[in-house]
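**Q** The structure follows.
The values are calculated or read from the model by the stated rules, or taken from the named source; none is laboratory data. From a predicted model like this one, the values you see are computed outputs, not experimental measurements. Note that we place each Cβ from the backbone using ideal geometry, even for glycine, and neighbour counts take in every protein chain shown. Just so you know, the surface numbers come from the protein's heavy atoms only, side chains and all, with ligands and any DNA or RNA stripped out. Shrake-Rupley method; radii C 1.70, N 1.55, O 1.52, S 1.80 Å.
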Amino acid sequence: MHLPPPIPAHRPNTSGWWRRNWRWAMPLSVLLFLGVMGGMAAWSLLRWGEAARESAPMREAMRRAGCNIELVQVFGEPLQADAMPLGSMQTAIDGQRNVGLTVGLEGPQARGRLFVQGTRRDDVWDYPVMYVLGADKKTFDLSELDDAAAADECALQECRERGECGVGLAL
């Protein structure tokens with residue numbers, strides 16, 4: 001007589017963690033990955049926006065805009081730039097730097113866009129393009145003076161010191 005085969009012993013479930021939990025772990029992994037990528041993209045954009053707003057061409061353009069009598073009459077004071085400039089900032093291997101930016105400009109009375117293009121050679125900035133385009137398509141040229149003279153002048157401040165500014169421009 002033959003004996004029947006032995007009854008197999010009860011083996012504990014040896015499937016791995018992933019096999020047991022993949023139904024919730026996969027969507028969570030994808031969401032975490034997308035969240036990290038989105039966070040990195042947002043952080044990069046915020047850092048670029050901060051660098052663009054703090055760049056020498058943007059600071060000089062905002063200074064000149066605040067000193068332009070015509071522009072301040074139309075836009076009012078204070079002038080504020082939007083949070084995120086658009087454009088490019090490039091640095092060549094020889095140290096030359098090219099910046100081309102556009103940003104929304106807003107005052108209490110009007111809105112427009114500020115355009116600035118700057119080139120730095122030997123630590124000296126040149127601004128061939130710097131103007132504000134108002135909502136009514138009126139253009140305010142901010143590059144009228146050469147850059148060396150413009151750095152030391154503020155027509156609005158001089159007008160205020162002489163007392164010749166209109167009522168809307170007086171402090």
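**Q** Specify the inter-centroid distance of region 1-73 and region 122-144, based on alpha-carbon positions, in whole Å.
**A** The distance from the Cα centre of region 1-73 to that of region 122-144 comes to 39 Å.
**Q** Find the accessible area per residue for the chain; the probe is 1.4 Å, ligands and nucleic acids are left out, and the unit is Å².
**A** For the chain, the solvent-accessible area averages 70 Å² per residue.
**Q** Which one, PRO6, ALA25, PRO85, is farthest towards the positive end of the dipole of region 1-122 when Lys and Arg carry +1 and Asp and Glu -1 on their Cβ?
**A** Final value for the positive-end residue is PRO6.
**Q** Calculate I(q)/I(0) for region 48-103 by the Debye formula, one identical point scatterer on each C-alpha and no solvent, and give its log10 at q = 0.14, 0.22, 0.31 Å⁻¹ to two decimals.
**A** These q points yield log10 I(q)/I(0) values of -0.44, -0.86, -1.24.
**Q** Once a ≥ b ≥ c are taken as the square roots of the eigenvalues of the Cα gyration tensor of the chain, is the result rounded (a/c under 1.5), prolate (a/b larger than b/c) or oblate (a/b not larger than b/c)?
**A** prolate
**Q** Here is a further query. Over the chain, with every protein chain in place, what whole percent of the accessible area is carbon and sulfur at 1.4 Å, could you tell me?
**A** C and S atoms contribute 58 percent here.
**Q** Can you divide the C-alpha Rg of region 4-63 by 2.2 N^0.38 Å and report the result to two decimal places? Mind dumping the intermediate values first?
**A** Values: Rg = 27.3 Å, N = 60, 2.2 N^0.38 = 10.4 Å.
Taking N as the residue count of region 4-63, the ratio is 2.62.
**Q** Another question, then. Per residue, how big is the convex hull of region 9-100 when only Cα atoms are used? Give it in Å³.
**A** Roughly 162 Å³ of hull volume per residue.
**Q** Now a separate question. Exposed loop trypsin sites (Lys or Arg not before Pro) only (DSSP loop, at most 16 other Cβ atoms within 10 Å): please give the longest stretch of the chain free of them, not including the sites.
**A** Formally, the longest exposed-site-free interval is 1-136.
**Q** Where does the chain land at 222 nm, in deg cm²/dmol rounded to the nearest 500, when only DSSP H runs of n ≥ 4 count, each adding -39500 (n - 2.57), divided by all residues?
**A** About -12500 deg cm²/dmol.
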